[in-house]
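Structure first, then comments.
The values are calculated or read from the model by the stated rules, or taken from the named source; none is laboratory data. Computed from a predicted structure; not experimentally measured. Glycine also receives a Cβ, built like all others from the backbone with ideal geometry; neighbour counts cover every protein chain displayed. Ligands, DNA and RNA are excluded from the accessible area calculation, which covers all protein heavy atoms including side chains. Shrake-Rupley method; radii C 1.70, N 1.55, O 1.52, S 1.80 Å.
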Amino acid sequence: MYGQIVRDGLVNVTGIEDLGLTSPVLQRTSDAFFKEISPFLLHFGMFVPTIIGQCTPEQQAKWLPLAMDLKIIGTYAQTELGHGTFIRGLETTATYDASTEQFILKTPKLSSYKWWAGGLGKTANHCIVLAQLYTKGVCHGPHPFIVQIRDTETHMPLPGIKVGEIGPKLGFNTADNGFLGFEDFRIPRENLMMKNAQVTKDGTYVKVARHGKLTYGTMVFVRVMLVSDMAYCLAKAVTIAVRYSAVRRQSQPKPDQPEPQVLDYLTQQHKLFICISTAHAMKLTSTWLWNTFTGVLADMRDGNTDTLPELHALSSCLKAISTSDTSALIEQCRFACGGHGYMYSSNLPALYSFATATRTYEGDYTVLLLQTARFLVKSWEQMDEGKPLTPTLAYLEQSRNGSQVSWDDSPEGIVRGFDAVAAGRIGACVKSIRKHINNGMDYEDAWQMTTVQLVGAAEAHCRAVICRVYRDETARLTAGCSPGVKAVLDQLSTLYLLYWALERTGDLLRFSSLSERDIENLQARYEALLLKIRPNAVGLVDAFDFRDEVLMSTLGSYDGRVYERLMEEALKTPLNREPVSDSFHKYIKPMMQGKL
Ligand SMILES: CCCCCCCCCC/C=C\CCCCCCCCCC(=O)SCCNC(=O)CCNC(=O)[C@H](O)C(C)(C)COP(=O)(O)OP(=O)(O)OC[C@H]1O[C@@H](n2cnc3c(N)ncnc32)[C@H](O)[C@@H]1OP(=O)(O)O
Ligand SMILES: Cc1cc2nc3c(=O)[nH]c(=O)nc-3n(C[C@H](O)[C@H](O)[C@H](O)COP(=O)(O)OP(=O)(O)OC[C@H]3O[C@@H](n4cnc5c(N)ncnc54)[C@H](O)[C@@H]3O)c2cc1C
């Protein structure tokens, strides 16, 4: 398995050389080359981007050609057995020895071992290591180092290096995630990635960047990319589920009538059409986020880091919500396919195992929403002080006078309703924190006692952002479309708003003038819209334009030959090579004869 995935991965690498690392063509066809996650994913997904983001021009001139020409194969080793979220708690140390102008890397105890880095087990010969930087007896916190861990000729681990594979996981089982330990392992001073901080030959620490968190820049980049990856992943899953639902016939709602396509059941439409809408919503939001990200990078190149906090808050909540929604909706696609959705050959289990991992890696769901919440509470307090709000928080102004938003069930009205929910939930968090402080708690404890609400407020803010961006971008992009296309895309964006309004009626009742009658109207509009979308459902997933080689699904292939493909795959199973398994003769027969 590992050997095959390495071979397949290298075939794909030629595409990278021809098309360029961030080519949409490459990223959207790479999984046609191999059926699982590539051990080279971290090389291109984090090792190369970190060289670009954290190295000086001189260091880039040395390392980037080696990495892009695959003369070295890298990964990104930050997480340890004992710490993943709390980066400041990482235990691996890099202590500067001025007498030899080297850093000495150590993993002082078992919990300090690097754990999880993709490609680390058996593939990478270099890696970026996040270690606590010590010089002249002072700790300067986690910094990135480029470390060679294997001989480039023999691939043997270098002396002082302990490295291996971490073992089977729920998914990602070809990603070659590994562990790494250092025993007084020495690297040259120049292997500290010195764009944001430097150590001179005599061991003097020099802080270069104005913002203390630029070391974390690669994580922001990956979080931004993952939102787009989730749209793609969900689009594949719903293509499989809708096509299967058009082929599958089941039950007899009316006597003397043929079994209907399961896609004609309203409950099936309820399960699946939100998946189509969400794939569109996340794709449009990811493009908007990417443009925000590149804008902040441009500001930072001019020395201005003022827009970085909002980008960190946006990338954190959008990564958390897009991965969480995608995991849940891919599982919903699996549920919609009954037993055959549980077949590995449907590809839904693999899509789910990939998506659910993204909810954790690159920042755990809860932790990242709390990062966003930290920004929201700070913004509220700045608003109280009369300071200007950042663009994505402009809606907070409406809550300043505390008046309840009047409910309006137009698409724009629903978007404003979500703004009111987010503003209300953030305000409730601020009120809770202040109440705990007034009752004698310190700020940290007051914050902790409010974290359940803070996660909810961050989710509400993120939902409001997605709803607004989805609606605005749909309006912008369909302006030039034919009336028919515009009508269908408007139906999808309206479905998204109605779906989430119905999911969040409690919040809307609390923070707007929504009434029970309004809810009845919402439900009726939602159900009618499902029926309107039904005739275009297969066309909408065909429009995602996935080749069968990319879908890799017995249920979702374009020709609809589901049962034939299921049987073809079944007959390929090794157990079917012989009519009688040798286990019969070894175990079952003796058991039947009472001889065991
Ligand atoms: C063959 C070829 C195949 C490949 C095909 C080609 C593909 C090419 C392109 C593909 C591109 C992308 C896909 C890549 C996929 C890669 C797969 C990834 C695998 C997973 C990798 C990992 O998981 S790496 C490890 C990730 N780890 C984390 O994310 C850790 C999460 N934890 C945190 O981030 C921390 O909680 C924290 C740092 C956020 C908080 O810790 P701490 O308590 O120290 O901080 P505070 O809360 O006190 O905050 C301090 C202040 O700092 C601000 N802050 C925090 N983080 C950031 C940040 N990232 N940026 C900016 N600012 C930040 C925070 O806001 C606080 O500020 P103030 O409020 O002002 O104090
Ligand atoms: C498939 C996969 C691939 C990965 N690849 C890499 C890689 O290539 N390189 C790499 O460096 N890492 C990698 N990781 C590790 C990943 O980044 C971490 O697992 C992730 O950051 C979460 O950290 P953790 O595992 O320590 O969980 P923890 O942070 O220990 O989380 C455990 C629980 O504690 C909660 N929690 C933690 N902190 C707080 C808090 N402050 N407030 C409230 N609740 C909290 C979490 O919400 C969670 O419920 C990978 C992980 C996976 C699953």
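Residues in the stretch 167-213 that are open to solvent by 30 Å² or more (accessible area, probe 1.4 Å) and over 18 Å from residue 123 (Cβ atoms): 21 in all. If the condition is being within 9 Å of ligand 1 (Cβ to nearest atom) and of a type outside the set (A, V, I, L, M), then the stretch 345-371 contributes 358, 360, 361, 362, 363, 364, 371. Among the residues of the stretch 56-67, are any within 16 Å of ligand 1 (Cβ to nearest atom), open to solvent by less than 60 Å² (accessible area, probe 1.4 Å) and not basic (Lys, Arg)? Within the stretch 56-67 (the criterion being within 16 Å of ligand 1 (Cβ to nearest atom), open to solvent by less than 60 Å² (accessible area, probe 1.4 Å) and not basic (Lys, Arg)), the answer is yes, since at least one residue qualifies.
Counting the residues of the stretch 370-385 that are open to solvent by 40 Å² or more (accessible area, probe 1.4 Å), away from ligand 2 (no atom under 16 Å from the Cβ) and under 13 Å from residue 457 (Cβ atoms) gives 1. Restricted to the stretch 69-96, and to residues that are in contact (Cβ under 8 Å) with a residue 60 or more places away in the chain and more than 12 Å from ligand 2 (Cβ to nearest atom), which residue is most open to solvent (accessible area, probe 1.4 Å)? Step by step, filter the stretch 69-96, then rank; the result is 71.
When you look at residue 388, is it over 18 Å from residue 227 (Cα atoms), in the same structural domain as residue 245 (by TED's automatic domain parsing), open to solvent by 40 Å² or more (accessible area, probe 1.4 Å) and outside any helix (DSSP H, G or I), yes or no? When the stated conditions are applied, residue 388 passes them.
Look at (1) β-branched (Val, Ile, Thr); (2) touching a Leu at 6+ places or on another chain (Cβ under 9 Å); (3) part of a strand (DSSP E or B); (4) away from ligand 1 (no atom under 16 Å from the Cβ) and you find that residue 238 fails only one, number (3). Take residue 323 and tell me if it is within 26 Å of residue 217 (Cα to Cα), part of a helix (DSSP H, G or I) and open to solvent by less than 40 Å² (accessible area, probe 1.4 Å). Spelling it out, residue 323 is indeed within 26 Å of residue 217 (Cα to Cα), part of a helix (DSSP H, G or I) and open to solvent by less than 40 Å² (accessible area, probe 1.4 Å). In the set (1) more than 30 Å from the chain's Cα centre (by Cα); (2) assigned to a helix (DSSP H, G or I); (3) over 24 Å from residue 416 (Cβ atoms), the condition left unmet by residue 533 is number (1). Within the stretch 559-582, residues that are hydroxyl-bearing (Ser, Thr, Tyr) have Cβ atoms under 7 Å from residues that are part of a helix (DSSP H, G or I) and loosely packed, with under 10 Cβ neighbours inside 10 Å in these pairs: 581/575, counting only partners at least 6 apart in sequence or on another chain. Residues in the stretch 350-369 that are outside any helix (DSSP H, G or I), in contact (Cβ under 8 Å) with a residue 40 or more places away in the chain and either open to solvent by 30 Å² or more (accessible area, probe 1.4 Å) or in contact with a strand residue (DSSP E or B) (Cβ under 7 Å, 6 or more places away or on another chain) (or both): 361, 364.
Okay, residues lined up against (1) farther than 30 Å from residue 136 by Cα; (2) of a type in the set (A, V, I, L, M):
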| residue | (1), (2) |
| --- | --- |
| 147 | no, yes |
| 162 | no, no |
| 217 | no, no |
| 241 | yes, yes |
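Checked against (1) aromatic (Phe, Trp, Tyr); (2) closer than 23 Å to residue 364 by Cα; (3) open to solvent by less than 20 Å² (accessible area, probe 1.4 Å), residue 273 passes all but a single condition, namely (2). Has the stretch 307-320 got at least one residue that is within 12 Å of ligand 1 (Cβ to nearest atom), open to solvent by 40 Å² or more (accessible area, probe 1.4 Å) and in contact with an Asp or Glu (Cβ under 7 Å, 6 or more places away or on another chain)? Yes: one or more hits. The residue list 508, 495, 489, 454 contains one member that is open to solvent by less than 10 Å² (accessible area, probe 1.4 Å), modelled with pLDDT of 95 or more and within 27 Å of residue 536 (Cα to Cα), which is 495.
Quick one: is residue 130 over 24 Å from the mean Cα position of the chain (by Cα), among the aliphatic types (A, V, I, L, M) and farther than 20 Å from residue 204 by Cβ? No.
Taking residue 120 as the residue in question, decide whether it is assigned by TED's automatic domain parsing to the domain that holds residue 71, within 14 Å of ligand 1 (Cβ to nearest atom) and touching a strand residue (DSSP E or B) at 6+ places or on another chain (Cβ under 9 Å).
yes
Would the stretch 515-533 turn up any residue that is assigned by TED's automatic domain parsing to the domain that holds residue 268, closer than 28 Å to residue 399 by Cα and aliphatic (A, V, I, L, M)? Yes. Scanning the stretch 277-291 for residues that are in contact with a Leu (Cβ under 7 Å, 6 or more places away or on another chain) and open to solvent by 40 Å² or more (accessible area, probe 1.4 Å) yields a single hit, 280. Note on the stretch 97-139: residues that are in a loop (DSSP other than H, G, I, E, B), within 15 Å of ligand 2 (Cβ to nearest atom) and open to solvent by 50 Å² or more (accessible area, probe 1.4 Å) total 2. When residue 409 is tested against (1) buried (at least 18 other Cβ atoms within 10 Å of the Cβ); (2) touching a residue at least 40 places away in the same chain (Cβ under 8 Å), exactly one condition is not met: (1). I need the full set of residues from the stretch 536-578 which are of a type in the set (Asp, Glu), over 23 Å from residue 36 (Cβ atoms) and in a helix (DSSP H, G or I), in order please. Listed by number, the residues that qualify are 542, 564. The residue list 547, 517, 534 contains one member that is surrounded by fewer than 14 Cβ atoms within 10 Å (Cβ to Cβ) and under 23 Å from residue 236 (Cα atoms), which is 547.
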